[in-house]
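Okay, structure first, notes after.
Throughout, read-outs are computed from the coordinates displayed, never taken from laboratory work. Since we're looking at a predicted model, the values are computed, not measured. Glycine gets a Cβ as well: all are built from the backbone with ideal geometry, and neighbour counts include every protein chain shown.
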Amino acid sequence: MPSEVDGRLLARIKQDFPDVQAWYGKATGTWWAMVPIGPRWRLVEAVDPMELQGAILNPAGWPWPRNWVTLP
């Protein structure tokens, strides 16, 4: 479960990146975001909100999840 600090960091991510949909996955225990890359979207996964911010800043080079597909 995310802590109060994690919740504040997630709120900050949503404020700093309004085009990104970000959330905590209760089933996976990891953090997720749908990030636009040009006209497409990329799903990224991270272990905490700080790492998620790095994934949002570099979605094309982010290695998680492993077998990703961009959506039209």
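Applying the Karplus relation 6.51 cos²θ - 1.76 cosθ + 1.60 with θ = phi - 60° to segment 42-50 yields 3J(HN,Hα) values of 10, 8, 10, 10, 8, 7, 7, x, 5 Hz, where x marks Gly and Pro. Pick from Val35, Val20, Val47: which is most flexible by mean-square fluctuation in a GNM of the chain where alpha carbon atoms under 10 Å apart are linked? Most flexible of the set in this elastic network: Val47.
How would you rank 8-17, 51-60, 21-30, highest first, on the average number of other Cβ atoms within 10 Å across their residues? Show your work: numbers first, answer last.
Values: 8-17: 14.2, 51-60: 17.6, 21-30: 12.5.
Put in order of decreasing packing, that is 51-60, 8-17, 21-30.
Only one of (i) 0.94; (ii) 1.08; (iii) 0.92 was calculated from the structure for Rg/Rh (Cα atoms, Kirkwood Rh), and its label is (i).
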